[in-house]
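What follows is a short report on a single structure.
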Amino acid sequence: MSGIDRIMTLSPVIPVLVVHDLAHARPIAEALVAGGLRVLEVTLRTPIALDVIAEMAKVEGAVVGAGTVLNEADLDASIKAGAGFIVSPGLTDALGKAAIARNIPFLPGIANAGDIMRGLELGFNRFKFFPAEASGGIKALQALAAPFGAARFCPTGGIDQMRAPEWLALPAVRCIGGSWLVPPGTPDVIEIRNRAADAAALRKH
Ligand SMILES: O=C(O)C(=O)C[C@H](O)[C@H](O)COP(=O)(O)O
């Protein structure tokens with residue numbers, strides 16, 4: 001099992017996090033882990049994201065990765081901050097090769113057959129299907145997955161607790177990602193833990 005595959009099987013849902021205040025990092029991560037979601041994707045969408053990764057990585061049980069990694073510089077900065085895995089919205093050859101060279105678990109984004117073929121050529125067979133709902137939803141992923149028997153996916157984008165079971169029922173889906181676990185604003189840790197627990201209760205098959 002590859003590093004990224006192991007991470008994808010740790011929990012059915014990967015919270016996608018946009019954190020604007022460093023003081024929120026620990027409470028959010030602790031609430032998610034307490035609810036049963038250990039794998040956390042911190043998007044590099046805010047100026048403090050690297051510090052958030054470093055802070056969340058201190059939380060016992062958390063497996064913290066960086067999302068919105070767009071290039072080699074983002075990749076290296078994320079690894080330096082302590083990211084245990086890397087997620088990108090799309091796939092470039094340069095980023096794919098850099099991730100292989102750094103030996104870091106990598107989940108590249110794909111949205112069509114050409115993307116998947118390029119990923120397979122680079123040696124990847126675990127992908128983020130992004131943006132999942134806007135790219136055609138379940139029907140699109142089923143059709144896309146059919147020719148690529150060894151590929152497994154983490155659909156992300158437009159999925160919430162209600163939509164999650166249908167996605168998780170697909171054989172090609174290992175886990176899903178989504179931002180619904182943590183509503184924007186000052187974190188309500190009870191609410192976050194409850195949402196995490198509901199998501200963690202979703203099981204594959
Ligand atoms: O920032 C990135 O790198 C992304 O790939 C985008 C996020 O994964 C989606 O924005 C999450 O989608 P929602 O759950 O619909 O909010």
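The values are calculated or read from the model by the stated rules, or taken from the named source; none is laboratory data. Computed from a prediction, not measured in an experiment: that's the story for all the values here. All Cβ positions, even for glycine, are placed from backbone atoms using ideal geometry, and neighbour counts span all protein chains on display. For the accessible areas, the whole protein counts, side chains as well, though only heavy atoms, and no ligand, DNA or RNA atoms are used. Shrake-Rupley method; radii C 1.70, N 1.55, O 1.52, S 1.80 Å.
Okay, here's what the table says:
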{"item": "Net charge contributed by nearby residues that have their C-beta within less than 14 Å of I4 (K/R +1, D/E -1)", "result": "+4"}
{"item": "Probe 1.4 Å, all protein chains present, accessible-area order of I190, I28, largest first", "result": "I190, I28"}
{"item": "Coordinate range along principal axes, alpha carbons of the chain, Å, largest first", "result": "44, 36, 29"}
{"item": "Expected 222 nm ellipticity per residue - DSSP helices of 4 or more, -39500 (n - 2.57), all of the chain, to 500", "result": "-11000 deg cm²/dmol"}
{"item": "Contact order relative to length of region 102-199, as percent, for alpha carbon pairs under 8 angstrom and 6 or more apart", "result": "21 percent"}
{"item": "Linear extension gain, T186 paired with A113, 0.36 nm per residue minus alpha-carbon span", "result": "22.3 nm"}
{"item": "Neighbourhood net charge (12 Å Cβ-Cβ; Lys/Arg +1, Asp/Glu -1) for D21", "result": "-1"}
{"item": "Within a Gaussian network of the chain (alpha carbon springs, distance under 10 Å), most fluctuating of A34, A145, A94", "result": "A94"}
{"item": "Choice from G137, G123, G109 showing the highest fluctuation, given a GNM over the chain with Cα pairs closer than 10 Å", "result": "G123"}
{"item": "Rounded, prolate or oblate (a/c below 1.5 giving rounded, otherwise prolate when a/b exceeds b/c) for region 39-160 by Cα gyration tensor", "result": "prolate"}
{"item": "Sequence of R174, R45, R102 from largest to smallest accessible area, 1.4 Å probe", "result": "R45, R102, R174"}
{"item": "Heavy atoms of R6 accessible to a 1.4 Å probe, total area in Å² rounded to 10", "result": "130 Å²"}
{"item": "In region 51-126, the GluC sites (Glu not before Pro) that fall in loop regions by DSSP, at most 15 other Cβ within 10 Å", "result": "E60"}
{"item": "Mean separation of Cα contacts under 8 Å (6+ apart) over length of the chain, as relative contact order %", "result": "24 percent"}
{"item": "Mean separation of Cα contacts under 8 Å (6+ apart) over length of region 32-88, as relative contact order %", "result": "36 percent"}
{"item": "Under-26-angstrom lysine pairs by C-alpha in the chain, whenever the two are 8 or more apart or on separate chains", "result": "8"}
{"item": "Electrostatic dipole magnitude of the chain [Cβ: Lys, Arg +1; Asp, Glu -1; Cα centre; debye, to 20]", "result": "540 debye"}
